[in-house]
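Structure, as structure tokens:
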Amino acid sequence: MPQVGDKAPDFTLPSTEGPVTLSQFARGKKVVLAFYTEDNTPSCSRELASFREEYATLREMGAEVLAVSADSLDSHRSFCDVAGGYPFPLASDAQQVVARLYDVLSEDGTRSRRAVFVLDEGGAIIYANPWYQPGNPAQLLEVFQALGLKV
């Protein structure tokens, strides 16, 4: 798994906002890279909802959000419709290539597990949580601390 201080592995994936290449998406911005297991599931819906609810604050802190799962673009679009939309792209890692790059592949090898990485403006990893639990507010606070929030 990439560690804090490592350059984030680059990738290009189709997303709900068109093809996204991490290095281009991240250029000059911090990025919250949120892996989630599956569209339309309670914990994953909660994970993405928390980033949607805090999106304005994340932007104020100079960050963007990119969510990644193995679901298809059609599934992502349906999920967005049901959830009322997301202000950030949902990327489709259907072959789990990116999940492997970040070592967040599920035990059965078919999906990513919930994990969050925060990248600085230069694309280096400044926070890595390979077992993100969206019901744990302390973990969301850690994301904000990585972005520079003083507590």
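The values are calculated or read from the model by the stated rules, or taken from the named source; none is laboratory data. The shown structure was predicted, so the numbers you read here are calculated from the model rather than taken from an experiment. All Cβ positions, glycine included, derive from the backbone under ideal geometry; neighbour counts span all protein chains shown.
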Item to complete: Pick out, from the stretch 9-62, the helices (runs of 4 or more DSSP H) lying fully within it that include 2 or more residues that are surrounded by fewer than 18 Cβ atoms within 10 Å (Cβ to Cβ) and in contact with a Pro (Cβ under 9 Å, 6 or more places away or on another chain).
Response: 42-53, 55-60
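So if I check each of VAL98, VAL68, which one is surrounded by 22 or more Cβ atoms within 10 Å (Cβ to Cβ), of a type in the set (Val, Ile, Thr) and assigned to a strand (DSSP E or B)?
Working: VAL98 fails: assigned to a strand (DSSP E or B).
Result of the check over VAL98, VAL68: VAL68.
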Response to the item:
Over the stretch 119-146, the set of residues within 21 Å of SER45 (Cβ to Cβ) and in contact (Cβ under 8 Å) with a residue 12 or more places away in the chain is ASN129, PRO130, TRP131, TYR132, GLN133, PRO134, GLY135, GLN139, LEU140, GLU142, VAL143, PHE144
Worksheet item: Of the numbered conditions (1) touching a Gly at 6+ places or on another chain (Cβ under 7 Å); (2) farther than 16 Å from ALA26 by Cα, ARG114 satisfies every one except a single condition; which is it?
Response: (1)
Discussion item. Step by step: first the residues of the stretch 103-151, then only those that are closer than 17 Å to GLN3 by Cβ and in a loop (DSSP other than H, G, I, E, B), then the one that is farthest from the chain's Cα centre (by Cα). Which residue is that?
Written reply: GLY122
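Do you know which of the residues in the stretch 125-151 that are of a type in the set (A, V, I, L, M) and surrounded by fewer than 14 Cβ atoms within 10 Å (Cβ to Cβ) is modelled with the lowest pLDDT?
Residues of the stretch 125-151 that are of a type in the set (A, V, I, L, M), as a first pass: 125-126, 128, 138, 140-141, 143, 146-147, 149, 151.
So of that shortlist, the ones also surrounded by fewer than 14 Cβ atoms within 10 Å (Cβ to Cβ) come out as 138, 141, 149, 151.
Numbers: ALA138: 96, LEU141: 96, LEU149: 89, VAL151: 70.
Ranking the candidates gives VAL151 first.
Test PHE88 against the criterion of being within 13 Å of the chain's Cα centre (by Cα) and either closer than 23 Å to ASP6 by Cα or of a type in the set (Ser, Thr, Tyr) (or both), and give yes or no.
Details: within 13 Å of the chain's Cα centre (by Cα): yes; either closer than 23 Å to ASP6 by Cα or of a type in the set (Ser, Thr, Tyr) (or both): no.
The answer is no for PHE88.
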